[in-house]
1. Considering each of 131, 150 in turn, give the residue that is modelled with pLDDT of 95 or more, surrounded by fewer than 18 Cβ atoms within 10 Å (Cβ to Cβ), touching a strand residue (DSSP E or B) at 6+ places or on another chain (Cβ under 8 Å) and part of a strand (DSSP E or B).
2. Could you tell me which numbered condition residue 116 fails, if it satisfies all but one of (1) crowded, with 17+ Cβ neighbours inside 10 Å; (2) farther than 17 Å from residue 70 by Cα?
3. Step by step: first the residues of region 69-92, then only those that are touching a residue at least 24 places away in the same chain (Cβ under 8 Å) and in a loop (DSSP other than H, G, I, E, B), then the one that is nearest to the chain's Cα centre (by Cα). Which residue is that?
4. Which condition does residue 136 not pass, out of (1) loosely packed, with under 14 Cβ neighbours inside 10 Å; (2) in contact with a strand residue (DSSP E or B) (Cβ under 6 Å, 6 or more places away or on another chain); (3) touching a residue at least 40 places away in the same chain (Cβ under 8 Å); (4) farther than 17 Å from residue 188 by Cα, if it passes all the others?
């Protein structure tokens, strides 16, 4: 079954997506310079431009309330601001033995947030929360709350993504999935109430 969110392809390299669907002011996110990426990937900086499409939408395209778009964009920008601060975290940033965050983890988090932003805009869902949570082991959570459901993506470098799905009155569901667009996007479909949880997610 095709995912409603699967059109938001996550590239396997470090290029970040550009969006041209919604009529809105442009948002530009400039990633800090990172020497580790320069050595390992041949890239000195990562950036993403989320551009407005000023042309008329396709026939039949739903009109999206500008106030709702502003709320979604504000939640996205706040979460991205958190990620940018994590670039500056050094070893022992918690005062104990915390590890710094690898660029791969932060880039993955950005991609998930970008995909969620586009999906939520299309579905006209204003999240009650879109945020990130740093952990002392160098992992990072991306948390997205819908009306009565919450989705967590827990990110580590060079390994699969841990997804936790929470719904009011139900036991948590957890699964480890590859960092690829279908598995990640189906979680957003579930968050929006587009269907049951994908088959690759099982009770823990």
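The values are calculated or read from the model by the stated rules, or taken from the named source; none is laboratory data. Just so it is clear, the structure is predicted and the values come from calculations on it, not from any experiment. So basically every Cβ, Gly included, is an ideal-geometry build from the backbone, and we count neighbours across all protein chains shown.
1. Just one listed residue meets the conditions, 131.
2. Residue 116 satisfies every listed condition except (2).
3. 87
4. Exception for residue 136: condition (2).
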